[in-house]
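The values are calculated or read from the model by the stated rules, or taken from the named source; none is laboratory data. What you see is a predicted model; the values in this text were computed from it and never measured. Methodologically, a virtual Cβ is constructed for each residue, glycine included, from the backbone with ideal geometry; neighbour enumeration extends over all protein chains shown.
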Amino acid sequence: MGVVGIIGGSGLTRLKNLQINNRRVIRTPFGETSGPLTFGLLGGQEVVFIARHGYGHTIPPHLVNYRANIWALHHVGVAHVIAVAAVGGISVAMQSGVICLPDQLIDYTSGRPSTFFEGGESMVVHIDFSEPYCPRVRERLLQAAGTADIAVVGGGTYAATQGPRLETKAEIRRIEQDGGDVVGMTGAPEAVLAREIGLCYAPLSLVVNPAAGKSAEPITMEAIDAVMHEGMERVRKVLEQAVPL
Ligand code: HPA
């Protein structure tokens, strides 16, 4: 099925069970990727891994070069992408520790370069984005979770905010009224660009905190880290079952 691309987010800057073959810096028309692409085998399947925030987690969500990352994955022959991300939980089903496979997206980000089609030579193109995520990758992730005996919520709306600050309670109330179930800072324009360039892309989200106003406690990095560590172990297991795609 070709090489599977895995984009790692916070808490997943490397894949423990990846047998690494090599790392390559890819030059792109959009500048530097978040880091070199890591090529290797996961459960015998060829995968390409990239850490969205850099391998040292130094690039904040609004400064990730999404165009370079997506262009590079496409350039090396990736067809399917699994995009891992930590998110805040909004709806009741999305408690801390829950793994969610969103099926819809609302984009609240602003000012990010968010298209490959800038007019001129690259044309004016309006992609169909009614279904933002690839049904094939989503189905595979669902099956993989079943095989690995790991509980997941098989749908939900991902709300992408600008960050890097967390949201206000009122913002989360608004997002909830809009239908948002989880909130993160990287889901857009990453998913948009993947669709524009023809990559089959789906998110795998781990809820690491109750979103603003959803708990009496303030949101602390310590609390997030505690959930992240154990949760990303389950995410890794799902990934290992999901390839080959
Ligand atoms: N909001 C936005 N992004 C996030 C959150 C949150 O509460 N938690 C993890 N990523």
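Taking region 129-169 as the range and being assigned to a helix (DSSP H, G or I) and of a type in the set (A, V, I, L, M) as the test, the residues that pass are VAL137, LEU141, LEU142, ALA144, ALA145. In region 204-218, of all residues being of a type outside the set (S, T, N, Q) and surrounded by fewer than 18 Cβ atoms within 10 Å (Cβ to Cβ), the one that is farthest from the ligand (Cβ to nearest atom) corresponds to ALA216. Selection of region 140-178 for residues being surrounded by 14 or more Cβ atoms within 10 Å (Cβ to Cβ) and touching a His at 6+ places or on another chain (Cβ under 9 Å) yields ARG140, GLN162, GLY163.
If we only count strands (runs of 3 or more DSSP E) wholly inside region 1-103, which ones have 1 or more residues that are polar (S, T, N, Q) and surrounded by fewer than 17 Cβ atoms within 10 Å (Cβ to Cβ)?
On the way: elements: 3-8, 19-24, 37-42, 45-51, 78-89.
So the answer is 19-24, 45-51.
Against the conditions (1) closer than 23 Å to HIS80 by Cβ; (2) in contact with a Pro (Cβ under 8 Å, 6 or more places away or on another chain); (3) not in a helix (DSSP H, G or I), PRO244 satisfies every one except (2). Scanning region 5-46 for residues that are within 20 Å of CYS200 (Cα to Cα), modelled with pLDDT of 95 or more and of a type in the set (A, V, I, L, M) yields ILE6, ILE7, LEU37.
Every residue in region 63-92 that is within 14 Å of the chain's Cα centre (by Cα), within 13 Å of the ligand (Cβ to nearest atom) and farther than 24 Å from GLY31 by Cβ, please. Answer for region 63-92, where residues must be within 14 Å of the chain's Cα centre (by Cα), within 13 Å of the ligand (Cβ to nearest atom) and farther than 24 Å from GLY31 by Cβ: ALA86, VAL87, GLY88.
Considering every residue within region 161-168, establish whether at least one is of a type in the set (Asp, Glu) and more than 16 Å from the ligand (Cβ to nearest atom).
We begin by selecting, within region 161-168, every residue of a type in the set (Asp, Glu); these are 167.
Filter once more, so that each one left must be more than 16 Å from the ligand (Cβ to nearest atom): none.
No; the residues of region 161-168 include none that is of a type in the set (Asp, Glu) and more than 16 Å from the ligand (Cβ to nearest atom).
Which of the residues belonging to region 104-128 are among the hydrophobic types (A, V, I, L, M, F, W, C) and surrounded by fewer than 17 Cβ atoms within 10 Å (Cβ to Cβ)?
Within region 104-128, the first condition is being among the hydrophobic types (A, V, I, L, M, F, W, C), and the residues that meet it are 105-106, 116-117, 123-125, 127.
Residues satisfying the conditions are PHE117, MET123, VAL124, VAL125, ILE127.
Might you check whether a residue that is out of contact with any strand residue (DSSP E or B) (no Cβ under 9 Å at 6 or more places or on another chain) and β-branched (Val, Ile, Thr) occurs anywhere in region 217-235? No, region 217-235 contains no residue that is out of contact with any strand residue (DSSP E or B) (no Cβ under 9 Å at 6 or more places or on another chain) and β-branched (Val, Ile, Thr). Against the test of being among the basic types (Lys, Arg) and out of contact with any strand residue (DSSP E or B) (no Cβ under 6 Å at 6 or more places or on another chain), the options ARG52, ARG24, ARG14 yield a single qualifying residue, ARG14. In summary, ALA191 fulfils each of the numbered conditions (1) of a type outside the set (Ser, Thr, Tyr); (2) crowded, with 20+ Cβ neighbours inside 10 Å; (3) within 30 Å of LEU18 (Cα to Cα); (4) within 10 Å of the ligand (Cβ to nearest atom) with the single exception of condition (4).
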